[in-house]
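First comes the structure, then the notes that go with it.
The values are calculated or read from the model by the stated rules, or taken from the named source; none is laboratory data. Please read these numbers as outputs of a predicted model, since none were measured by experiment. All Cβ positions, even for glycine, are placed from backbone atoms using ideal geometry, and neighbour counts span all protein chains on display. Quick note on the areas: whole protein, heavy atoms, side chains included, nothing else; ligands and nucleic acids left out. Shrake-Rupley method; radii C 1.70, N 1.55, O 1.52, S 1.80 Å.
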Amino acid sequence: MSTAPVSIKFKWGLSPSDPEQKPVLFVGQGSHLSALSWQDVRFKLEPRISEETWRRGLDVASPGEICELWPRGVALGVLPPRRSRHAAPSRSHALSKLIKTAIRSTGDEFVVLVCRKRDVLASAVAIARAIPLYSARSGPGALQAPPPTSPAPAPARRTLTVEISIAQDDSDSGDEEDAAVEPALLERALSADELRTLQEVADATRLAARLTDTPANLMDVDAFIEEACKVAKELDIAEPTIIRGEELKERGMGGIYGVGKAAARPPALVVLSYMAPGATETVAWVGKGIVYDTGGLSIKARTAMVGMKGDCGGAAAVLGAFSAMVRAGPLVNLHAVLCLAENAVGPNATRPDDIHQLYSGRTVEINNTDAEGRLVLSDGVVYAQRDLKADTIVDVATLTGAQGTATGKYHAAIVSNNARLERRCERAGRRAGDLAHALPFAPELHFAEFSSAVADMKNSVADRNNAQPSCAALFVLAHLGFDFPGAWLHVDMAAPAHCGERATGYGVALLTVLFGAQTRSRLLKALSPDH
């Protein structure tokens, strides 16, 4: 890979620059951009742009579009003025689209982000996910290979500097959370600690997207484990616990073992842990990490298999969120449980009709080898409960195609045994820009879909028209036990994990904001739905 990734740096306040040398995009809601005085912006525009041109641009710019004020040098991006109560106040999805349209392919450049402080984290993440890290493009001159004795020069690294101007906080329409805003979110400044949080969450989002974007011939189980070990080393925590291959079978983890045993690289359960001094609560995040999903012997159709490198998006999100959360200083014991496997076809592949015993001790009759994610997650959540003694367990997965039908491309589908945790997750999603919407939690109505004549349950529903995403979640909870006394949350992010052919890093911002009150980060505490 010879194309250089773009480095993104966040700063508070504007610095002088010449748009002829470093292009600049001003982006924000129209009212916030119009509130900027000429003195606020002139040193990023002169001598190329006059005050008259700046004001005229503000008048004619259309929401959702890019308006160029100086060719290839200065542009305005205006976010939609209105949003519905189930969308993010930051307009983060519109912001990502504007950034993708406006950012160029060569040289350093600036984005001036104008937003309320309460929207700054979601906006920073939206910018980060618009500029992915992974690329295998060869770049210019690929047909002229360098002589064997002289290595090709490394391409110059580009930097996108995001300069943040905090707008006056105004009321937003149709959301009760506007009624009570933390004082820290009404300030017109960003501290060094808050900027550090923005940078860490944005970088972790890009990490999750990179892991998800990288194809399975490069990001196999071995490589994913290496990434987890690298994160642990960067965080200066203990090396991950790795349970792998035949050891999974010996320890009774028939879910992960059964899914991954046909692959060239053996499956693994990988656990990263941070033990907070004096903590009395333990939180575990469990991520589905299917590095490639052929569907197994219930093989996917040719067109349905394309893109299945992204079936590790849940584990990627958990790893990224763990990295950002530990840097923010958790006040709880925190574990990231990565359930890694390749669902491959081969002589050792699980067959429909096979019966596996999972870590819970419950037996599962396999009636669809393409419903593999719930099998690995079930082993993961039981490990979180039994071995890690977690009080709160969140599983995150690209689990069902039906999720997109149920809640669409932008909202993850969530199911929980705890009404308060469910409400907090929805609220955190709006604040983080990783939207989430609750599905029915009704085991007495839905779990019968897994009835088996010969085992404790089947792994796929009898009626695909009966709340598939809710049923898949209940399969996982069944292994914890429907009487599990702790709080459990299931996040099915199959659709929002991707935008087009690119991963979004969905889940990093959601988890860090959802548990923000349990960190030392001032910004995450203020954004947390607990406040």
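Taking GluC sites (Glu not before Pro) across segment 412-521, the ones in a DSSP loop with at most 16 further Cβ atoms lying within 10 angstrom of their Cβ are Glu501. Helix 313-327 and the longest principal axis of the Cα set of the chain meet at an angle near 60°. When the charge dipole of segment 220-272 is built from unit charges on Cβ atoms (+1 for Lys and Arg, -1 for Asp and Glu) and taken about the Cα centre, the candidate among Thr241, Pro266, Gly255 whose Cα reaches farthest toward its positive end is Gly255.
Near the amide H of Ser7, within less than 5 Å, lie the amide hydrogens of Arg158, Thr159, Leu160, all on another chain or at least 5 residues away, with H placed in the peptide plane.
Working from the Cα coordinates of the chain, the gyration tensor eigenvalues give, after taking √(5λ), semi-axes of 41, 27, 21 Å in decreasing order. Please give the net charge around Pro23, taking every other residue with its beta carbon less than 14 angstrom from that of Pro23, where Lys and Arg add +1 and Asp and Glu add -1. Local charge sum for Pro23: 0.
With +1 assigned to the C-beta of every Lys and Arg and -1 to the C-beta of every Asp and Glu, and no other charges, what is the dipole magnitude of segment 1-116 about the Cα centre in debye, to the nearest 20?
Numbers: 17 positive and 11 negative charges, 122 e Å.
Roughly 580 debye, rounded to the nearest 20.
What 222 nm value per residue comes from the helices of the chain, counting each DSSP H run with n ≥ 4 as -39,500 (n - 2.57) and dividing by all residues, nearest 500 deg cm²/dmol? List each step's numbers first, then the result.
On the way: 18 runs with 172 residues, N = 531.
The per-residue figure over the chain is -9500 deg cm²/dmol.
Roughly how many whole Å is it from the C-alpha centroid of segment 12-56 to that of segment 449-492? Cα centroid to Cα centroid, the span is 54 Å. Ignoring any ligand, DNA or RNA, what whole percent of the accessible area of the chain comes from carbon and sulfur when the probe is 1.4 angstrom? The nonpolar share, carbon plus sulfur, comes to 50 percent. Mind checking the angle between helix 221-235 and the chain's longest principal axis? C-alpha axes, 0 to 90 degrees, to the nearest 10. Tilt relative to the chain: about 60 degrees.
In what sequence, highest mean first, do 307-320, 16-29 appear when ranked by Cβ atoms within 10 angstrom? Walk me through the numbers on the way to the answer.
Numbers: 307-320: 28.6, 16-29: 19.9.
Result, highest mean first: 307-320, 16-29.
Going by accessible area, probe 1.4 Å, with all protein chains left in place, what is the ranking of Tyr410, Tyr506, largest first? It would help to have the intermediate numbers written out before the result.
On the way: Tyr410 105, Tyr506 10 Å².
Sorted by accessible area, descending: Tyr410, Tyr506.
3J(HN,Hα) along segment 89-95: x, 6, 6, 4, 5, 5, 4 Hz, from the Karplus curve 6.51 cos²θ - 1.76 cosθ + 1.60 with θ = phi - 60°, whole Hz, x for Gly and Pro. Against the chain, whose longest principal axis comes from its Cα atoms, helix 51-60 is set at around 40 degrees. Using only the C-alpha atoms, the convex hull of segment 386-429 corresponds to 101 Å³ per residue.
Cα gyration tensor of segment 230-298, axes a ≥ b ≥ c as square roots of the eigenvalues: rounded (a/c below 1.5), prolate (a/b > b/c) or oblate? Prolate, because a/c is 1.5 or more and a/b exceeds b/c.
Annotation: Phe484 carries an accessible surface of approximately 20 Å², with a 1.4 Å probe and no ligand, DNA or RNA atoms counted. Centroid-to-centroid, using Cα positions, segment 500-519 and segment 344-405 are 23 Å apart. Among the trypsin sites (Lys or Arg not before Pro) in segment 433-531, those placed in a DSSP loop whose Cβ has at most 16 other Cβ atoms within 10 Å are Arg464, Arg520.
What is the Cα radius of gyration of segment 1-79 over 2.2 N^0.38 Å, N being its residue count? Could you put the intermediate results ahead of the total?
Details: Rg = 13.4 Å, N = 79, 2.2 N^0.38 = 11.6 Å.
Against the empirical 2.2 N^0.38 Å value, I get 1.16 for segment 1-79.
Basic side chains Lys and Arg get +1 at the Cβ, acidic Asp and Glu get -1 at the Cβ, and with that the dipole of the chain about its Cα centre reaches some 1020 debye.
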